[in-house]
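S.K.: One structure coming up, written as structure tokens, with questions to follow.
The values are calculated or read from the model by the stated rules, or taken from the named source; none is laboratory data. These figures come from a predicted structure and were not determined experimentally. Every residue, glycine among them, receives a Cβ derived from its backbone with ideal geometry; neighbour counts consider all protein chains shown. Each accessible area value is taken on the protein alone, full model and side chains, heavy atoms only, with ligands, DNA and RNA left out. Shrake-Rupley method; radii C 1.70, N 1.55, O 1.52, S 1.80 Å.
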Amino acid sequence: MREEQRRLAAILAADVAGYSRLMAADESGTLGRLRRLRAEVFEPKIARFHGRIVGSAGDSLLIEFGSAVNAVQCAIELQRELGGENAGLPENRRMAFRMGVNLGDVIVEDDTIYGDGVNIAARLEKLAEPGGVCIARAIYDQVKGKLEYVYADIGEQRVHNIAEPVRAYRVMSIEQSPTGSSLPSAKDALLRNRPSIAVLPFTNMSGDPEQEYFSDGITEDIITDLSKVGALAVTARNTTFALKGKSMDVSEAARQLRVSHVLEGSVRKAGSRVRITAQLIDGMSGHHVWAERYDRDLNDIFALQDEIARAIVDALKIRLMPAEYAAIGKRTTENVEAYQYYLMGRQHFLRLGRRNHLSARRLYQRALEIDPEYALARAGLALAEGMLLRSGDPSANLVTLSAEAQRALALDSTLAEAHVAQAMAHFQKEQIELAGAACRRAIALDPDLYEAHRTLGDVLRMERKFAEAAAAYEKAVEVDRNSYGAMCMLWDCRKTLGDEEEAHRLSGELLIRIEKAMQL
């Protein structure tokens, strides 16, 4: 007899409010829209928050998470995106979901889970309003003070087939708080209680400007690792790298970036040795919370990055859930040489321009010669091919772009870069609807990915939705302050929309960005 497997899990149950009514009115249309929402909204968002679908029947979904914070954040972001999907539809065609979240001990069997923990999540979902989220007391205890929401206590609830009453809470955004005039102080309190961090670009101490790629890569990887912790708000890479090379007091940086803590450090790489120093600083007082110096062999670089991320989490007194602990250690290669070629390629790719994209493609190819299963390098290669194809480079090939995007997705379907590359391929084939869906999937996985917003703008512009395209280009311009391609397209959209004043302002900014790009 097989031994019963159990584990603690955060469970999200979701279903469609008024599903029978929608099916009666338009059966095929309702089923088609439900399938599209699952593929384009639910699956990317669930992947971003490290969840997995463990059950689906009709209009319902059951999703398991290793983190209570991730489960609630995923539910809220799903509801926001679904709200946007419904915004332009008449009332009788809107597909509104109700969601319930519980934390409980579950029985694991094959690919699904069972037990009272699951049943309570399903009952909580029935207590939620259409478009709303209802959570159990066990979840509330884990997330209060860690997320920027307020919670309405709806008291003890008697639910079907559960012996004991369940204390339940409805999750509301700050704007929905009933306290009116006290909103600013409520929000400030939440921000103070939830730790937040900005990782400033680590200083290259190698004495060789050519090693800049390595210190930048270490910084990016630490940001990526910390972003996997649901209880920690992490400033996006493009925002912190905008401060690179600027002389600024740490407290001033914390104030500008609106974070409670700042991580700064340096990297010295010499031969097969690497030295990394890191200091975690309280943004308010300027005092050191944690500091360490590491002298290691270069082959230990992945373990060292994990060690730094976990030390920061410990210093901030955040308890990692098992899934978060495992996610921090997830790498798409174990080969240090391939990793270095990838970092060099990434540095060239971020500089933009045809010459840099050609260099990026060559370096990604070198990384893949060493490790053909390196998913990030495969996605990078696909993106570089897409950017070269967009700029009309004669060496770029649509067949190559499409094939490399598919290979990257096969290696790791959670890579936002791979979905963008797929979107570029669809766009070149004039498969506009598929391109838009792939862009939105990428944005759900990584909201701060420039290429995703830029490509979505191109898709919307092709559809002649100039106002929506402008919004996508504006986001691209915001997340990458060195880009000029999206700024140029934004200028074109504003001209088309007849906003001459804004177009004139953008033309000045565009010249500045082009001049800066030529200096890189």
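S.K.: Looking only at residues in segment 463-486 that are assigned to a loop (DSSP other than H, G, I, E, B) and closer than 18 Å to E417 by Cα, which one is modelled with the lowest pLDDT?
M.R.: Among those that are assigned to a loop (DSSP other than H, G, I, E, B) and closer than 18 Å to E417 by Cα, it is S483.
S.K.: Here's another thing I want to ask about it. Those residues that are among the hydrophobic types (A, V, I, L, M, F, W, C) and either part of a loop (DSSP other than H, G, I, E, B) or within 18 Å of the chain's Cα centre (by Cα) (or both), I need them from segment 20-55; list them, please.
M.R.: Result: A39, V41, F42, I46, A47, F49.
S.K.: A further question on this structure: Restricting segment 209-234 to residues that are modelled with pLDDT under 85 and charged (D, E, K, R), which is most open to solvent (accessible area, probe 1.4 Å)?
M.R.: E210
S.K.: Would you mind finding the one in I308, I318 that is modelled with pLDDT under 90, closer than 23 Å to V69 by Cβ and either out of contact with any helix residue (DSSP H, G or I) (no Cβ under 6 Å at 6 or more places or on another chain) or not polar (S, T, N, Q) (or both)?
M.R.: Only one candidate passes the filter, namely I318.
S.K.: For segment 184-198, give me each residue that is at pLDDT below 90 and either open to solvent by 50 Å² or more (accessible area, probe 1.4 Å) or under 19 Å from the mean Cα position of the chain (by Cα) (or both).
M.R.: P184, S185, K187, D188, L191, R192, N193, R194, P195, S196
Rundown of residues vs (1) open to solvent by less than 20 Å² (accessible area, probe 1.4 Å); (2) at pLDDT below 95, yes/no style:
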{"site": "I312", "(1), (2)": "yes, yes"}
{"site": "E324", "(1), (2)": "yes, yes"}
{"site": "H348", "(1), (2)": "no, yes"}
{"site": "E373", "(1), (2)": "no, no"}
{"site": "R378", "(1), (2)": "no, no"}
{"site": "E385", "(1), (2)": "yes, no"}
{"site": "E417", "(1), (2)": "no, yes"}
{"site": "V420", "(1), (2)": "yes, no"}
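S.K.: Continuing with the same structure: For E502, state whether it is under 27 Å from F49 (Cβ atoms) and either part of a helix (DSSP H, G or I) or open to solvent by 30 Å² or more (accessible area, probe 1.4 Å) (or both).
M.R.: no
S.K.: Just name the residue that is nearest to T455 (Cα to Cα) out of those in segment 425-436 that are assigned to a helix (DSSP H, G or I) and open to solvent by 10 Å² or more (accessible area, probe 1.4 Å).
M.R.: Start the filter on segment 425-436 by keeping residues that are assigned to a helix (DSSP H, G or I), which leaves 425-428, 432-436.
Pick out the ones that are also open to solvent by 10 Å² or more (accessible area, probe 1.4 Å) and you get 426-428, 432-434.
Numbers: H426: 11, F427: 9, Q428: 11, I432: 11, E433: 12, L434: 12 Å.
Among those that are assigned to a helix (DSSP H, G or I) and open to solvent by 10 Å² or more (accessible area, probe 1.4 Å), it is F427.
S.K.: Looking at S60, S56, S67 in this structure, which one is farther than 23 Å from V166 by Cβ and among the hydroxyl-bearing types (S, T, Y)?
M.R.: Numbers: S60 fails: farther than 23 Å from V166 by Cβ; S67 fails: farther than 23 Å from V166 by Cβ.
Result of the check over S60, S56, S67: S56.
S.K.: Quick one: is L460 at pLDDT 95 or above, over 17 Å from the mean Cα position of the chain (by Cα), assigned to a helix (DSSP H, G or I) and over 23 Å from I46 (Cα atoms)?
M.R.: Against the criterion (at pLDDT 95 or above, over 17 Å from the mean Cα position of the chain (by Cα), assigned to a helix (DSSP H, G or I) and over 23 Å from I46 (Cα atoms)), L460 does not qualify.
S.K.: For segment 333-359, give me each residue that is in contact with a Phe, Trp or Tyr (Cβ under 6 Å, 6 or more places away or on another chain) and farther than 22 Å from A242 by Cα.
M.R.: Once the filter is applied, which keeps residues that are in contact with a Phe, Trp or Tyr (Cβ under 6 Å, 6 or more places away or on another chain) and farther than 22 Å from A242 by Cα, segment 333-359 yields T333, A338.
S.K.: Pairs please, first residue from segment 32-51 and at negative phi, second anywhere and assigned to a loop (DSSP other than H, G, I, E, B) and polar (S, T, N, Q), Cβ atoms under 8 Å, 6+ apart in sequence or on different chains.
M.R.: Pairs that qualify, where the first residue is at negative phi and the partner is assigned to a loop (DSSP other than H, G, I, E, B) and polar (S, T, N, Q), are A47/S413; A47/T414; R48/T414; F49/S67.
S.K.: Which members of segment 277-302 meet the condition of being closer than 16 Å to G329 by Cα and open to solvent by 60 Å² or more (accessible area, probe 1.4 Å)?
M.R.: Within segment 277-302, N299, D300 meet the criteria.
S.K.: Which of the residues spanning segment 402-452 are basic (K, R) and more than 17 Å from the chain's Cα centre (by Cα)? Please lay out each step first, then the result.
M.R.: Here is the first cut: in segment 402-452, the ones basic (K, R) are 407, 429, 440-441.
Answer for segment 402-452, where residues must be basic (K, R) and more than 17 Å from the chain's Cα centre (by Cα): R407, K429.
S.K.: Considering (1) open to solvent by 20 Å² or more (accessible area, probe 1.4 Å); (2) more than 30 Å from K45 (Cβ to Cβ); (3) in contact with a Phe, Trp or Tyr (Cβ under 6 Å, 6 or more places away or on another chain), say which one P201 fails and leave the rest.
M.R.: (2)
S.K.: For segment 349-392, which positions are more than 23 Å from the chain's Cα centre (by Cα) and among the basic types (K, R)?
M.R.: Selection gives R354, R355, R361, R362, R366, R390.
S.K.: Also, I was wondering about something else. Yes or no: E252 touching a residue at least 12 places away in the same chain (Cβ under 8 Å), surrounded by fewer than 21 Cβ atoms within 10 Å (Cβ to Cβ) and over 26 Å from L445 (Cβ atoms)?
M.R.: For E252, the condition - touching a residue at least 12 places away in the same chain (Cβ under 8 Å), surrounded by fewer than 21 Cβ atoms within 10 Å (Cβ to Cβ) and over 26 Å from L445 (Cβ atoms) - is not met.
S.K.: So, I328, is that one out of contact with any Cys (no Cβ under 6 Å at 6 or more places or on another chain) and open to solvent by less than 30 Å² (accessible area, probe 1.4 Å) or not?
M.R.: Here the answer is yes, as I328 does meet what is asked.
S.K.: Could you tell me which numbered condition A10 fails, if it satisfies all but one of (1) more than 22 Å from S413 (Cα to Cα); (2) modelled with pLDDT under 90; (3) open to solvent by less than 40 Å² (accessible area, probe 1.4 Å)?
M.R.: Here A10 clears every test but (2).
S.K.: Still on this structure, please answer the following. Residues being outside any helix (DSSP H, G or I) and either surrounded by 24 or more Cβ atoms within 10 Å (Cβ to Cβ) or of a type outside the set (A, V, I, L, M, F, W, C) (or both): count how many of those fall in segment 387-412.
M.R.: Within segment 387-412, the subset outside any helix (DSSP H, G or I) is 391-397, 412.
With the extra rule that they be either surrounded by 24 or more Cβ atoms within 10 Å (Cβ to Cβ) or of a type outside the set (A, V, I, L, M, F, W, C) (or both), the set shrinks to 391-395, 397, 412.
Within segment 387-412, residues that are outside any helix (DSSP H, G or I) and either surrounded by 24 or more Cβ atoms within 10 Å (Cβ to Cβ) or of a type outside the set (A, V, I, L, M, F, W, C) (or both) number 7.
S.K.: Oh, and also: For a quick check of your reading: which helices (runs of 4 or more DSSP H) sit entirely within segment 67-171 and have at least 2 residues that are open to solvent by 20 Å² or more (accessible area, probe 1.4 Å) and closer than 20 Å to Y19 by Cβ?
M.R.: Of the helices (runs of 4 or more DSSP H) lying wholly inside segment 67-171, those with at least 2 residues that are open to solvent by 20 Å² or more (accessible area, probe 1.4 Å) and closer than 20 Å to Y19 by Cβ span 68-86, 116-127.
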